[in-house]
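For reference, the structure discussed in these notes is given below.
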Amino acid sequence: MVLGQITGYPKMLVLGDRLPPFIHAPCYMDERLAPECGEMGKHQCLPKRLAICASLYKSLDSYGQLAALQAVIIYILLQAQDPETAERNGANALLLIMIELFTCLTESIDWDSCDSTETPDRQHWVLRESLRRIVALLGLVELLFEGLIPPHAAQANPPYKNFRATPLPSQRDLWEARTNRSWRRELKLYLSGRTSREVLTVGDLLELDNAGCFKNTWNNQHAYSKLPDAQLRQLKSRIFQASEICKQNPNQPWLRSFWAPNGATKAYDHFQIPTIPMRLRLTMATRQKGKLTDILAPEAQLCARAAGGHNAGHSIVANGVSYSFHLLPSGLVNPNCRNLIGSAVVAHIPSFFKELEELEKKGLSNVHDRIFISDRVHIDLDLHVAVDGLEEIELGDRKVGTTGRGIGPAYSTKAARSGIRLAEVFNEELFESKLRRLASGYQKRYGDLLKYDVEEEINRFKTYRPKLRKYTVDAIAFMKEAQEKNTKILCEGANALMLDLDWGSYPYVTSSSTGIGGMVTGLALDIRKIGEVIGVVKAYTTRVGSGAFKTEDLGEIGEKFQERGREWGTSTGRRRRCGWLDLVVVKYTTDVNHYTALNLTKLDVLDTFPTIKIAIAYEDPETGEKLDSYPASLDVLDRAKVIYHEMPGWNQSTTNVKTFEELPKEAQDYILYIEEFVGVKIKWVGTGPDREAMITRF
């Protein structure tokens, strides 16, 4: 865990497992400490540089001392696990360098420059954040030396108390910004999202250390264990001094924000502990989320579907084979991943077995042993499918434009408390009586228009009943056990947020909660364990079915989106309605779901547009009022005028581009504009249909 944290620090590792150079070139000393030392190889990286550092530290300014101190501490932690490297580079000398550097730093640093309520400039931010980072690093060093110092020597200070609340360092984008302008943009995003979620602290490491793994890992296994107790205690004393100095004035606003439980941006991207990433879609139709699942699923140990039914669909390409998913979680592509259909799903049992069979035919291994279904799911009956079309006919011009898969009627009977749950399927008498009662009610309502045979469905379930037993689980116990074991869980949403029953463009919505709230309740998630909430959005907007669509283009541009983006549904084959990207909707969904990162898909579809438009606000033509948020009233929405921001297109191919720097400047500007407007980083950018056509930015 320690190494997992340390290796995530930006610009502290050059390549692979090589040791870290000195960091933050714009902020420190001289060219002899430049990062190319990392190219010398694992065991030969820094001896010369460390010697230079040891001889020069008294002449360094506070920024140089900070850079040197961070590098030395990280080097100590990294080589502690590698006795060969420790021996070659001199463990004793490293410890002494750290002590001397910190002594010099505490005497020379301008503490008053940290005491400010104003937003810092870049130079002062480096100073503040470096101090906080050092405290976090020293906390890890303390963990190391708790495993080395005999118990009687460590009693003067209770273990870890000084560092328990220390947030781990902020995300790498702030450190690695190439210009002051880009740094200011990153800082704005960082500050706007800093207190929106719980952060990882050194205390979290302790929660994971119930078995004493640090002591077991470090004790008597490396050069540091050979040091005399007195020298270890001297170093430990310096560590505590460092903590107290960095926390000397709790009234300083910047320190208070750092030490508060929610006082810094989350560090999950740089620390590999099991957390729960959520993948949610933003706007109104199917988003190209399959590729992101392809990236996330290999790391997942459990993939859980929260809500919806077999109405949504997406495809994943793995090992050259395309797999289609509708009801089943897409973690089935990973042979080591278990999969759960959660309690808020409505499950169409014939589709469940059909989909499993198709995946098995395409070569996915042991799928029947890796799929489980909650005994609390409601059954999407063929009766519901038959009724779905009739309800649409009843609505006439106000029809929602459903997929006709029975999802709405299934959720309706659930809400009316007359639905059938999977647990009740195994009670044959109860199942039959409830089904007959439902069928009778619909028959009275629709008469001869209802084409449905209740006896056929009863007989089908006589076949399904014994087959279903092996897949059925108590999802509460299932998820509780998984979360207690810190299983890596990937949660999947089925429909976009704008189809959410509560937050979507009602009544043109689906019948379930498609946002983060539906995830939590549908899967009984411990909200304290949620890691990433990932929003997936196309570079333009699409919608399936009826309902408001302010940026829809019914002419040549809309047709071009359809053809270039292959915009027709995996489940139904229906062509999707298309239009320009609507950032009013994207920002609204962000306010509901609190995304920590975005996946922008299908950027390449925009390659041939000379001018690109983005909706940034609505305006009420009657009052002139500017609407920055998505209105609840359809009347207000219908009459609203869209305000667009226009940007130049790039008129060149971005297909299969793998890095952000390879993109045309206009495409980069498009991405950065979306980030700044929404206030959430775009972590992934899709650049084509191929599995590898994805930019991962951080």
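The values are calculated or read from the model by the stated rules, or taken from the named source; none is laboratory data. Model, not experiment: these values are computed from the prediction. Please note: Cβ atoms are built from the backbone with ideal geometry, for glycine as well, and neighbour counts cover all protein chains shown.
Points to keep in mind about this one:
Per-residue answers, yes or no, for (1) of a type in the set (G, A, S); (2) surrounded by fewer than 19 Cβ atoms within 10 Å (Cβ to Cβ); (3) closer than 18 Å to K414 by Cβ:
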{"position": "C491", "(1), (2), (3)": "no, no, no"}
{"position": "M498", "(1), (2), (3)": "no, no, no"}
{"position": "G518", "(1), (2), (3)": "yes, no, yes"}
{"position": "G531", "(1), (2), (3)": "yes, no, no"}
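- All positions within segment 301-316 that are assigned to a strand (DSSP E or B) and over 19 Å from T487 (Cα atoms): A307, G308, H314, S315, I316
- The residue of segment 616-639 that is modelled with the lowest pLDDT, among those that are of a type outside the set (S, T, Y) and touching a Leu at 6+ places or on another chain (Cβ under 6 Å), is P631.
- Number of the condition not met by A496 [criteria: (1) of a type in the set (A, V, I, L, M); (2) without any contact (Cβ under 8 Å) to a residue 60 or more places away in the chain; (3) closer than 30 Å to K587 by Cβ]: (2)
- Matching residues, segment 443-476, being in a helix (DSSP H, G or I) and at pLDDT below 95: Q443, K444, R445, Y446, G447, D448, L449
- Counting the residues of segment 535-558 that are in a strand (DSSP E or B) and polar (S, T, N, Q) gives 2.
- One residue from S343, S322, S315 being modelled with pLDDT under 80, among the polar types (S, T, N, Q) and not assigned by TED's automatic domain parsing to the domain that holds G406: S315
- Just one of the listed residues (L606, L598, L627, L637) is out of contact with any Pro (no Cβ under 8 Å at 6 or more places or on another chain), surrounded by fewer than 19 Cβ atoms within 10 Å (Cβ to Cβ) and not acidic (D, E), and it is L627.
- Residue match in segment 496-513 (condition: charged (D, E, K, R) and either assigned by TED's automatic domain parsing to the domain that holds S351 or part of a loop (DSSP other than H, G, I, E, B) (or both)): yes
- Where strands (runs of 3 or more DSSP E) fall entirely within segment 317-375, those with at least 1 residues that are under 19 Å from Y464 (Cα atoms) are at 338-347, 371-374.
- Selected residue [farther than 29 Å from A477 by Cα, out of contact with any Leu (no Cβ under 8 Å at 6 or more places or on another chain), surrounded by fewer than 21 Cβ atoms within 10 Å (Cβ to Cβ) and not assigned by TED's automatic domain parsing to the domain that holds S351] from K462, K444: K444
- Count - residues of segment 480-489 that are assigned to a helix (DSSP H, G or I) and surrounded by 16 or more Cβ atoms within 10 Å (Cβ to Cβ): 2
- Selected residue [in contact (Cβ under 8 Å) with a residue 60 or more places away in the chain and touching a Leu at 6+ places or on another chain (Cβ under 7 Å)] from V586, V605: V586
Listed here are the residues, each with its yes/no results for (1) out of contact with any strand residue (DSSP E or B) (no Cβ under 7 Å at 6 or more places or on another chain); (2) basic (K, R).
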| position | (1), (2) |
| --- | --- |
| Y595 | no, no |
| D607 | yes, no |
| K613 | no, yes |
| A632 | yes, no |
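- Segment 459-478 residues that are within 14 Å of V377 (Cβ to Cβ), paired with ones that are among the acidic types (D, E) and surrounded by 14 or more Cβ atoms within 10 Å (Cβ to Cβ) (beta carbon under 8 Å, 6 or more apart): T472/D375; V473/D375; D474/D375; A475/D375
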